[in-house]
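Here the structure is laid out as structure tokens; the discussion comes afterwards.
The values are calculated or read from the model by the stated rules, or taken from the named source; none is laboratory data. All values reported here derive from a predicted model rather than from experimental measurement. Neighbour counts run over all protein chains shown; Cβ positions are idealised from the backbone, glycine included. These accessible areas exclude ligands, DNA and RNA; they are computed on the full protein's heavy atoms, side chains included. Shrake-Rupley method; radii C 1.70, N 1.55, O 1.52, S 1.80 Å.
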Amino acid sequence: MELIGANGIAVLAAAPERVRSRDTLHVYRADSDFYYLTGFTEPEAVAVLVPGREQGEFLVFCRERNPERELWDGPRTGPEGAVAEFGADDAFPITDLDDILPGLLERSDRVYYSIGKSEFDQKLLAFIQTLNSKRQSSHAPSELVALDHVLHEMRLFKSRGEASTMRRSAKIAVSAHERAMQLARPGLKDYEIEAEFLHEFRRHGADCSYPPIVAAGANACVLHYRANDATLCDGDLVLIDAGCELEMYASDVTRTFPVNGVFTKPQRELYDVVLAANRAATKAAHVGNHWNDPHDAAVAAVTRGLKDLGLLKGRVPHLIKAQAHRAFFMHRTGHWLGLDVHDVGDYKVADQWRLLEPGMVMTIEPGIYVSPTSKDVAKRWRGIGIRIEDDVLVTRDGPDVLTAGLPTAVDEIEQHMAARA
């Protein structure tokens, strides 16, 4: 509200419920922006911020209590609960929105709102259009300002409480990956390993922050592999990209390890290149560096490693300039992390990579993927896909790896897997 200022108003609509099929709904997940400002997790709600309004600055419109519907769907907060439990200054039934919101808009010069996120767009624009048509008898806002610009910049910098929650989320993900390493063996199906993640997440009160990827063998070369129905084979690697969502905050973790517990020589050689890139990128994730510096560090490490192994030929500076690494490492090294897995926040400011600052959380996830059909590389490399992903909090004291407890080096992984029952 300080950023919005006097004569401004912010309006946010809750995410709608989504149909999975016919009369079955997806499990409801609140809109991240709405949750960030309100903590409210029910559908059919609208939050309004009116700085300086004497009768109350933080207003919530939500569903009323309804014993019959609550018998079927569970308890509702109701307007009284929105005040008592979520700190709203005032709250009204959602059915009163059409009567009350136009009057609030009428007193404002600027409306802060995120266009294009929900079906509420048309309703809000209709309110403003109606006010504009009555200019002789009423006042209409003269500006519609993107709320994203203000709000997403705030979300980019995690508070101490947010960082603590993300640390707990990462810890749960780490324990799930450790469990998978110890349970994996030839003959299991991808989905049997996936089930271990679901079990570990749920027993800690967390959910998947995205559908887990369990990609064994050449399937690891499919960046967003989704089938999870193949058989784990002796001698293959398995790449697992799986994170959880705890109290709405995501972790995002990837590890790659041998199904039988022992790396082959080609697997180890490629893995060590990716590990070197992960460590170089993590080291570059410090205050004062630009967002792109970790990626540049990873690219340099991957390019050098691939040249040393003979998969790339030429001088390293020339190979980097030519982006030769993209034949094997075709994605960015990371992204913002928070309430969303690919969290909000600009990567550039005034067309320049932004500086890293304390409180930002990012992933570091270099990889190498050698297509099983590639004719340009020796057969021993084909079909190997490796990614190592950690979650990193930028602090004044350097990068804080939230996922640091998970085995990462080859010897650590083999030792951890050797202890399996």
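Side notes on the structure shown:
- Taking the stretch 129-145 as the range and being open to solvent by less than 60 Å² (accessible area, probe 1.4 Å) and in contact with a Phe, Trp or Tyr (Cβ under 8 Å, 6 or more places away or on another chain) as the test, only Val145 passes.
- Matching option when the condition is touching a Leu at 6+ places or on another chain (Cβ under 8 Å) and without any contact (Cβ under 8 Å) to a residue 40 or more places away in the chain, among Asp23, Asp90, Asp31, Asp73: Asp90
- For the stretch 270-292, a tally of residues being open to solvent by less than 60 Å² (accessible area, probe 1.4 Å) and assigned to a helix (DSSP H, G or I) returns 11.
- Note on the stretch 373-389: residues that are surrounded by 15 or more Cβ atoms within 10 Å (Cβ to Cβ) and part of a loop (DSSP other than H, G, I, E, B) amount to 6.
- Restricting attention to the stretch 293-331, the residues that are over 22 Å from Trp381 (Cα atoms), open to solvent by 20 Å² or more (accessible area, probe 1.4 Å) and within 29 Å of the chain's Cα centre (by Cα) add up to 4.
- Check on Ala126, out of contact with any Ser or Thr (no Cβ under 7 Å at 6 or more places or on another chain), open to solvent by less than 90 Å² (accessible area, probe 1.4 Å), under 29 Å from Leu339 (Cα atoms) and not acidic (Asp, Glu): no
- Subset of the stretch 20-49 (residues that are of a type in the set (A, V, I, L, M, F, W, C) and open to solvent by less than 20 Å² (accessible area, probe 1.4 Å)): Ala30, Phe34, Phe40, Ala45, Val46, Ala47, Val48
- Scanning the stretch 149-165 for residues that are in contact with an Asp or Glu (Cβ under 8 Å, 6 or more places away or on another chain) and open to solvent by 20 Å² or more (accessible area, probe 1.4 Å) yields His152, Glu153, Phe157.
- Criterion violated by Gln267 - all others in (1) of a type outside the set (Phe, Trp, Tyr); (2) surrounded by fewer than 22 Cβ atoms within 10 Å (Cβ to Cβ); (3) farther than 23 Å from Gly310 by Cβ satisfied: (3)
- Test: residue in the stretch 352-363 that is among the small types (Gly, Ala, Ser), modelled with pLDDT under 95 and assigned to a loop (DSSP other than H, G, I, E, B): no
- Of all the criteria given as (1) open to solvent by 80 Å² or more (accessible area, probe 1.4 Å); (2) modelled with pLDDT of 95 or more; (3) closer than 26 Å to Glu2 by Cα; (4) assigned to a loop (DSSP other than H, G, I, E, B), the one not satisfied by Ile115 is (2).
- Evaluation of Phe328 against the conditions (1) aromatic (Phe, Trp, Tyr); (2) touching a helix residue (DSSP H, G or I) at 6+ places or on another chain (Cβ under 8 Å); (3) closer than 21 Å to Ser251 by Cβ shows that the sole unmet condition is (3).
- The set of residues in the stretch 51-83 that are in contact with a Gly (Cβ under 8 Å, 6 or more places away or on another chain) and open to solvent by less than 20 Å² (accessible area, probe 1.4 Å) contains only Cys62.
- Tally, over the stretch 1-52, of residues that are assigned to a strand (DSSP E or B) and touching a Pro at 6+ places or on another chain (Cβ under 8 Å): 2
- Tallying residues that are open to solvent by 30 Å² or more (accessible area, probe 1.4 Å) and either at pLDDT below 95 or in contact with a Pro (Cβ under 8 Å, 6 or more places away or on another chain) (or both) within the stretch 84-98 yields 1.
- Residues in the stretch 176-212 that are surrounded by 18 or more Cβ atoms within 10 Å (Cβ to Cβ), out of contact with any Phe, Trp or Tyr (no Cβ under 6 Å at 6 or more places or on another chain) and closer than 15 Å to Ala404 by Cα: His177 alone.
- Being open to solvent by less than 10 Å² (accessible area, probe 1.4 Å), of a type in the set (S, T, N, Q) and under 30 Å from Pro358 (Cβ atoms) is a property that holds for Thr254.
- Lone qualifier among His325, His318 - being without any contact (Cβ under 8 Å) to a residue 12 or more places away in the chain and part of a helix (DSSP H, G or I): His318
- Residue among Ala126, Ala146 that alone is in contact with a strand residue (DSSP E or B) (Cβ under 8 Å, 6 or more places away or on another chain) and without any contact (Cβ under 8 Å) to a residue 60 or more places away in the chain: Ala146
- Single match in Leu198, Leu151, Leu144 (criterion: out of contact with any Lys or Arg (no Cβ under 7 Å at 6 or more places or on another chain), part of a strand (DSSP E or B) and on the phi < 0 side of the Ramachandran plot): Leu144
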